[in-house]
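J.: Here it is: the structure, laid out below.
The values are calculated or read from the model by the stated rules, or taken from the named source; none is laboratory data. Note that this is a predicted model, so its numbers are computed, not measured. Cβ sites come from the backbone with ideal geometry, for glycine too, and all protein chains shown count toward neighbours. Protein only, heavy atoms only, side chains kept; ligands, DNA and RNA dropped before computing areas. Shrake-Rupley method; radii C 1.70, N 1.55, O 1.52, S 1.80 Å.
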Amino acid sequence: MMMIRKSISRTMTCLFLTQPLPLALSHCNHSFSIYKSCRSLSRTQSDFLGSIWSPTVCSSPTIRSFSSKLSESITTARMQNPESISHLTQREAAEVDEILMGPLGFSVDQLMELAGLSVASSIAEVYKPGEYSRALVICGPGNNGGDGLVAARHLHHFGYKPFVCYPKRTQKPLYNGLVTQLESLSVPFLSVEDLHVDLSGDFDILVDAMFGFSFHGSPRPPFDDLIQKLVQLRNYAQNRQKYPVIVSVDIPSGWHVEEGDVSGEGVKPDMLVSLTAPKLCAKKFTGPHHFLGGRFVPPSIVDKFKLHLPPYPGTSMCVRIGKPPQIDISALRQNYISPELLEEQVAADPIDQFRKWFDDALAAGLREPNAMALSTVGKDGKPYRELMDPQGYLSTLILYGNFEACATFLMGVLSGLQAIERHKIMWSELAPLEFVKRTCELELDKEIQFSGLVQVSSSRIVLLKGVDKDGFVWYTNYESQKSRELSENPQASLLFYWDGLNRQVRVEGPVQKVPEEESEQYFHSRPQGSQIGAIASKQSTIIPGRHILHQTYKELEEKYSDGSLIPKPKHWGGYRLKPKLFEFWQGQQSRLHDRLQYIPQEIDRKLVWKIVRLAP
């Protein structure tokens, strides 16, 4: 069964991805033959698959629009491929700078500021200040050195402890100003003589900002010696568990701008931060981290040089080029350092202790400290998801390009039909949606589960909107999956995780709806957009695309554009979890974490909380 499923998944994926898109979609009606070739089907099976894989699945407008969406996603994927990204020659890089600082009106200090910020942002993406705090920035006399000076300033503000080695200072107002800015932050300037031969014991990050793309010839003193220190770093660091990482700005020092490390004596950085666009030598870079910075390239330059550059995520000043390095997940770990959590120091009431920790999370500036994982289960702990008809489900999978899920679903259907025959259940006796449920019930003992149809429990992140002696409150759609499960089994658990403080809080207890007037009051305290969104979204139901949400939202926005009161939907409101158990977790070194659990007890007809310590 498993081998057949994998084979069919590959077949369907190849069918859609290796052929021209219109041709691939034309095969939709004939893809059923793929399954026939893998196993013989009974008439019942053939009729059923033929009914769910009808021509309407492939001829609908949503499938036609899927063609352009898939093309866009393929284009985006290609843009992230380093082979498809444009690389500039030395002459082109110089011409781009001339245009930027000429007709396009950029000044040198503007470009330098953006470049330095990009370098610091790239470093912060990979090397966190908690682990890599001491950064030595080695600056050359030109613009590349200026980028390094700006990066040092930003690294200081990002929480690093930067040092600067700037042996050949450029006596121009721009560079003098950058030096003054660093001195005002008490950033130490080190001479070449101050640096040890072995840099591995003094610094965590070494920023190579010595030479840019305009450099010609061989490095002269003292930069030849500095390059040698960086090259020899690996030899000195062989006996160390951790050695400094090298970050090169735009061009690794000692490299030819177009041909790379021709002599083999250039710097071999762990990270390369290309600016504006990668230079040709970047194709020879083999380190684990390649970033592009300098989010300032206007369309006119993109068109003139026919540049293909990756999109920058969100508001970031840098973007990773290519895939991140392969990491052994089993080796990922943090050795937490926290104050001890002792029984005699915590509050007697767990609500008071929660509020104290919540206030700490607020004071620490953590993002959304009220985010909590809500876990629910349905009747008997094994809820069934509400299903669309199989044809609609397959249409949705195709719309999102999830062909492997299509194959998995259809193989599940085949297995289910066989189960029906084995158990002598007549197809005519089963309603279309009941067939899947009955089949699952018959086959659970064989661990045959349909993709997306059965689950043991479900979890999601929701936002806490109130906490008091009566419990924890959140709001949602009463017709959502979590609400259906709570109606069957009104018990839930909450989990808060505050990464910056190495803390978790787990809460368990029964759940009930909050009074209608309380839900009404909170609903009208929300922004108008959130109120409309609550009406527009039929939560947890399958929809053909995001455009449906936008269309419904726009219609409702126009309906209430006169400022009239938006009525709270009857299917929307709050829940309150009444705690019956608390656990406060604080991370400690060597996995000897603190876990204090509060358990309710009744003493003299009064509720008191007993505090016990659990082994980590």
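J.: Over all distinct Cα pairs, what is the inverse of the mean 1/r for the range 337-380, reported as the Kirkwood hydrodynamic radius in Å? It would help to have the intermediate numbers written out before the result.
T.: Working: mean 1/r = 0.0769 Å⁻¹.
Radius from the Kirkwood sum: 13.0 Å.
J.: At a Förster radius of 51 Å, what calculated FRET efficiency corresponds to the Cβ-Cβ distance of D194 and H550, to the nearest 0.05?
T.: Values: r = 60 Å, r/R0 = 1.18.
That pair, D194 with H550, gives E of 0.25.
J.: P(r) of the range 277-320 in 5 Å steps, Cα pairs, percent per bin?
T.: P(r) for the range 277-320, in whole percents per bin: 5, 18, 27, 25, 17, 7, 1.
J.: From the P(r) of the range 90-326, can you give the percent of Cα pairs sitting at distances over 27 Å? Before the final figure, lay out each step's value.
T.: Working: 7922 of 27966 pairs.
Value for the range 90-326: 28 percent of Cα pairs lie more than 27 Å apart.
J.: I would also like to ask the following. Can you tell me the FRET efficiency between Q228 and L592 if r is taken as the Cβ-Cβ distance and R0 is 45 Å, rounded to the nearest 0.05? Kindly include the intermediate steps, with their values, before the conclusion.
T.: On the way: r = 45 Å, r/R0 = 0.99.
Approximately 0.50, to the nearest 0.05.
J.: Same structure again: Restricting to Cα atoms and excluding each atom paired with itself, what does the Kirkwood estimate give for the range 449-553 in Å? It would help to have the intermediate numbers written out before the result.
T.: Details: mean 1/r = 0.0613 Å⁻¹.
With all distinct Cα pairs of the range 449-553 included, I get 16.3 Å.
J.: Compute the Rg/Rh shape ratio of the range 490-616: radius of gyration over Kirkwood radius, all on alpha-carbon atoms. Intermediate values should be presented prior to the final figure.
T.: Numbers: Rg = 21.3 Å, Rh = 18.6 Å.
Dividing the radius of gyration by the Kirkwood radius yields 1.14.
J.: What translational diffusion coefficient, in µm²/s and rounded to a whole number, does the Stokes-Einstein relation yield for the range 140-264 at 10 °C and a viscosity of 1.306 mPa s, taking the hydrodynamic radius as the Kirkwood radius over Cα pairs?
T.: Details: Rh = 15.3 Å.
D = 104 µm²/s.
J.: When the solvent-accessible surface of protein heavy atoms is calculated with a 1.4 angstrom probe, in what order do M112, M317, M101 fall, highest first? Numbers along the way, then the final one.
T.: Details: M112 5, M317 35, M101 75 Å².
From most accessible down to least: M101, M317, M112.
J.: How much accessible surface does R91 have with a 1.4 Å probe, in Å² rounded to 10?
T.: 150
J.: Compute, for R134, the solvent-accessible surface of its heavy atoms (probe 1.4 Å) with the complete set of protein chains present, and express it in square angstrom to the nearest 10.
T.: Per-residue accessible area (R134): approximately 80 Å².
J.: Let me know the volume per residue of the alpha-carbon convex hull for the range 90-159, in Å³.
T.: Details: hull volume 6.9 nm³, N = 70.
In the range 90-159, the Cα convex hull volume per residue is 98 Å³.
J.: Please calculate the 1.4 Å probe accessible area of E479, with all protein chains present, and give it to the nearest 10 Å².
T.: Probe radius 1.4 Å; accessible area of E479 about 110 Å².
J.: Ordering L182, L565 by how much accessible area each has at a 1.4 Å probe, largest first, what is the list? If you can, show how the numbers build up before the last one.
T.: Values: L182 0, L565 125 Å².
Greatest to least solvent exposure: L565, L182.
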